[in-house]
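Some notes on the structure that comes next.
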Amino acid sequence: MISLSSPVKTKAHGWPAGAKLAGLCILSILLIAITSPLIHALFFSVVLFLYLLAGRIFFVSGIKKLFILWPFILIVSLWHLYNGQTAQGITIVLRLLSAVALANLVTMTTKLSDMIDVIHRLAKPLTFIGLKTQALEISIALVIRLTPELIAKGTALSQAWRARSPKRPNWKVVIPFIVVTLDDADHSAEALRARGGIQPTHKE
Amino acid sequence: MERNLTHIALFAALIAALGLIPRIELSFGIPITAQSLGIMLAGTILGAKRGALAVLLFLLLVAIGLPFLAGGRGGLGVFAGPTVGFLLGFPIAAFIIGLIVEKTRIGPIALTATLASIIGGIVVLYIVGIAGLAVKLDKSFADSAKLMYIFIPGDIIKAIIAGIITAAIAKARPASLLSKQ
Amino acid sequence: MSAQSENNKSQLHNNISCDALTYEIDGKNILNKISLETTVNRLGVVGRNGSGKSTFVRLLTGLIAPSSGKISINGIDLHKDRKSALREVGILFQNADHQIIFPTVIEEIEFGLKQLGHTKTQANAHALATLELFKKPHWKEAYCAQLSQGQKHLLCLMSIVAMAPKIIILDEPFAGLDIPTKMQLNKYLALYEGSIIHITHDPKDIEDYDTTVWIDEGAIKSLGETKEILPDYLHHMNRLGQSDDITELSR
Ligand SMILES: Nc1ncnc2c1ncn2[C@@H]1O[C@H](COP(=O)(O)OP(=O)(O)OP(=O)(O)O)[C@@H](O)[C@H]1O
Ligand SMILES: [Mg+2]
């Protein structure tokens, strides 16, 4: 399974994931507090500079990820140009760009396995309110394992449809797709049970 | 226990897969991403609690960097973006849809599931989603709502489809319709 | 003979006991009052499609509970006692994709070991040793989804062998595999120290086995030495195959 972690290895990949996430939280809150467009411009430049530190390929792929924001940026820009509150418009747009770019930066520089470790550490204290860490662990693994397989089955179903129909598959293929999913769930439940299932007291 | 867990996990995977398989066409030729259909079905098929957990699990995996959102998006960035309200609204929507299906004892399942999907998957989801949009874009709720009107017809069609599919599943795999167990 | 090998030998003979074992779905008896008592070392299971073989071994493994009657291995009810079940039996499903739970090979093998109560480090070391045993150390970080069908079957086998249950049950795990892959998997199995129960439609798989049970329409048709049961079974199957009566198609 491909995660969004960058294929380019950066120094930041070695930093502890927990620290990066904590930093992201603090900076995101800071971004809300700042109202001056000038400071926002400075902030965004620094974020872009961070991307540049990791090299050109990393920078380009980082910028590309911001493109999905264009409809919102367009709307906000037009709105504030029309209203004449340009400074406020710039603040909103830059704040949005910085927040998303920073969050993406953490995702791009953190391995999936490190993220999962953080989740396990965060989940530990929750065992007191009844969360089963083992169940969470298995659930995450199952989704990562079975999503590609479900996509393959969904694609195969669409192809089976097309092989016997001149039209493109319509929503009706979702029905067999869900039946397949539900049957897979039963099979996995049995596989889990065959190897001991979810245990009430699990040793770490 | 195992069966609950695997149904939750498989539905999280299903929601991801529905957003990623080549687009399916509605009968009128409008291509849709089926991801929000997956949210509705999580509620109608798994019920309130398991449906919401499936969606939460899906979001957790998106957050840690798996490209599971429609169009292959994911990572922490999507939670910093303007549509964060809709993401947070997903599990709430699934919960309410599931609750309505669980509690309604009369009428055909297709109708119940469609109405539940409209209430949870459109009314509630849009309220939370638009509130998020308003905060992120620093606009009033009413102004932000205007941006979303064009999506309503498509979502109503999805709610109807969710109803029909739920009824089909009730027939094909009655034991797997956990919302009605 | 030393006490050690004496002990091993007694382990090789695991006791299976069924008493009026019945399993029904929607009022239909899939298995009908099966009673048997046997010790197994290498047990072959044959029978037509839909005769109830898979259902029988799922009961045996304790994955499902009988509708009535009793079934036990070495005197233990495996449906109730799941903890012991892990040490008594491991099962290989027909479809490897239904069995694999984890994204990577190492996690898949470690899982069963952790379920047995090993710590993380122990499980990891043991899983690596198992990969080494099967000469596949390079599979460690491989994604299960990227393995071929035969490789997936080998992974399932490794995961079960690592847990070292007293009995390994195989539910037609080799259907659809190419000849060399199948021969290799059979070779690994021949070396297994515990007992093996093997459902198959290919008589070659079990011709060396000491015992065979033939299940037909939810009941035991015969149980005994393989060299006696197998020819009889094959004769019967060939006759059915040659008849022109289409109603003899598997129900
Ligand atoms: N979930 C189910 N619902 C209804 N009937 C079932 C179910 N599972 C199995 N059966 C029926 O039980 C009977 C025995 O099935 P089983 O899978 O044990 O056969 P088998 O001997 O393993 O066959 P094969 O050689 O094809 O694998 C069959 O007639 C089958 O139709
Ligand atoms: Mg079978």
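No lab work stands behind these numbers, since they all come straight from the coordinates. Note that the structure is predicted; figures quoted are calculated from it, not measured. Here Cβ is always computed from backbone atoms with ideal geometry, including for glycine, and neighbour counts include all displayed protein chains.
For the peptides C:164-174, B:164-174, what is the packing order when you average, over each peptide's residues, the other Cβ atoms within 10 Å and list the highest mean first?
Descending mean neighbour count gives C:164-174, B:164-174.
Do the alpha carbons of any pairs in A:K65/C:K136; C:K83/C:K120; A:K9/C:K152 sit beyond 29 Å of each other, and which pairs?
Those over the limit are A:K65/C:K136; A:K9/C:K152.
Using +1 at the C-beta of Lys and Arg and -1 at the C-beta of Asp and Glu, which of A:S188, C:A164, C:H153 has the Cα lying farthest in the positive direction of the dipole of the protein assembly as shown?
It is A:S188, whose Cα lies furthest towards the positive end.
Which whole-Hz couplings ³J(HN,Hα) result when phi for each residue of region B:73-89 is put into the Karplus expression 6.51 cos²θ - 1.76 cosθ + 1.60, θ = phi - 60°, listed in order with x for Gly and Pro?
Using θ = phi - 60°, the values come out as 8, x, x, 5, x, 5, 8, 9, x, x, 8, 4, x, 5, 5, 5, x Hz.
Which value, in debye to the nearest 20, gives the size of the charge dipole of region A:1-114 about its Cα centre, when Lys and Arg are +1 and Asp and Glu are -1 at the Cβ?
Roughly 300 debye, rounded to the nearest 20.
5 Å is the cut-off here: which amide hydrogens, built 1.01 Å from N in the peptide plane, fall below it relative to C:K33, excluding neighbours closer than 5 in sequence?
C:T22, C:Y23
List, in the order given, every pair from A:K153/C:K187; C:K28/C:K70; C:K33/C:K182; B:K171/C:K28 whose Cα-Cα distance in the structure shown is over 30 Å.
A:K153/C:K187; C:K33/C:K182
Would you tell me the mean number of C-beta atoms belonging to other protein chains that fall within 10 Å of each C-beta in A:92-104, as a whole number?
Across A:92-104, the average partner-chain Cβ count within 10 Å equals 4.
Which whole-Hz couplings ³J(HN,Hα) result when phi for each residue of region C:168-177 is put into the Karplus expression 6.51 cos²θ - 1.76 cosθ + 1.60, θ = phi - 60°, listed in order with x for Gly and Pro?
Whole-Hz 3J(HN,Hα) from phi for region C:168-177: 10, 10, 10, 9, 6, x, 9, 4, x, 8.
Please build a GNM for chain A, connecting alpha carbons under 10 Å apart, and tell me which residue among A:K167, A:K153, A:K111 fluctuates the most.
Greatest mean-square fluctuation among the candidates belongs to A:K167.
Could you work out the mean count of beta carbons from other protein chains within 10 Å of each residue's beta carbon in A:105-113?
Mean shielding by partner chains, rounded to a whole number: 4.
Measure nothing fancy, just the Cα-based angle from helix A:112-123's long axis to the longest principal axis of chain A, in degrees from 0 to 90, nearest 10.
Rounded to the nearest ten degrees, it is 80.
Answer with one residue from A:G154, A:A87, A:T127: the one whose Cα lies farthest towards the positive end of the charge dipole of region A:85-182, charges on Cβ with Lys, Arg +1 and Asp, Glu -1.
A:G154
Please average, across the residues of B:138-147, the number of beta carbons from any other chain that are within 10 Å of each residue's own beta carbon, and give a whole number.
Mean inter-chain Cβ contacts per residue within 10 Å come to 2.
Could you order peptides C:122-130, B:41-49, C:235-243, C:107-115 by the average number of other Cβ atoms within 10 Å of their residues, highest first?
Most protected by this proxy first, the peptides run B:41-49, C:107-115, C:122-130, C:235-243.
Using a simple charge model, +1 on the beta-carbon of Lys and Arg, -1 on the beta-carbon of Asp and Glu, nothing else, what dipole does chain C show about its Cα centre, in debye to the nearest 20?
660
Where is the GNM fluctuation largest for chain A (alpha-carbon springs, 10 angstrom cutoff): A:L112, A:L21, A:L30?
In the Gaussian network model the winner is A:L30.
Which of C:T212, C:N186, C:S243 sits closest to the plus end of the dipole of chain C, meaning its Cα is farthest towards the positive end, when Lys and Arg get +1 and Asp and Glu get -1 on the C-beta?
Value: C:N186.
Could you work out the relative contact order of region C:141-251? I mean the mean sequence separation of Cα pairs under 8 Å and 6+ apart, divided by the number of residues, in percent.
After rounding, I find 17 percent.
Restricting to bridges with both residues inside the protein assembly as shown, how much of the DSSP beta-bridge set is antiparallel, in percent to the nearest 5?
So the antiparallel bridges amount to about 60 percent of the total.
Sorted by packing (mean other beta-carbon atoms within 10 Å per residue), highest first, where do C:16-26, B:56-66 land?
Ranked from most to least packed, the peptides come out as B:56-66, C:16-26.
For region B:1-140, what does the relative contact order come out to in percent, with C-alpha contacts under 8 Å and a separation of six or more?
It rounds to 25 percent for region B:1-140.
Set the bar at 23 Å for Cα to Cα. Now go through A:K11/A:K111; A:K11/A:K124; B:K158/B:K180; C:K80/C:K114 and name every pair that lies beyond it.
Flagged as over cut-off: A:K11/A:K124.
Within chain C, what percent of beta bridges assigned by DSSP are antiparallel, to the nearest 5?
55
Per 0.36 nm of contour for each residue apart, how much would the distance between C:D232 and C:D208 grow if the chain were fully extended, relative to their Cα-Cα spacing?
Using 0.36 nm per residue and subtracting the Cα-Cα distance, I get 7.0 nm.
I want the local charge near B:V78. Using Cβ-Cβ distances under 13 Å, sum +1 for each Lys or Arg and -1 for each Asp or Glu among the other residues.
It works out to a net charge of +3.
Taking amide hydrogens as modeled 1.01 Å from N in the peptide plane, which residues meet the under 5 Å criterion relative to C:S222, leaving out close sequence neighbours?
Residues meeting the criterion, in which the H sits 1.01 Å from N, are C:W214.
Tabulate in residue order the Karplus-calculated ³J(HN,Hα) for region B:166-176, using 6.51 cos²θ - 1.76 cosθ + 1.60 with θ = phi - 60°, rounded to whole Hz; enter x for Gly and Pro.
Coupling constants for region B:166-176: 4, 5, 5, 5, 4, 7, 6, 9, x, 6, 8 Hz.
Which residues' amide hydrogens lie under 5 Å from the amide hydrogen of C:I197, considering only partners 5 or more residues apart or on another chain, with H built in the peptide plane?
Those qualifying (amide H under 5 Å, at least 5 residues apart or on another chain) are C:L43, C:I168, C:I169, C:L170.
Counting pairs of alpha carbon atoms under 8 Å apart in space and at least six apart in sequence, what relative contact order in percent does region A:11-110 give?
44
Can you compute the charge dipole magnitude of the protein assembly as shown about its Cα centre, using +1 on each Lys and Arg Cβ and -1 on each Asp and Glu Cβ, nothing else charged? Give it in debye, rounded to the nearest 20.
Dipole magnitude for the protein assembly as shown comes out near 2200 debye.
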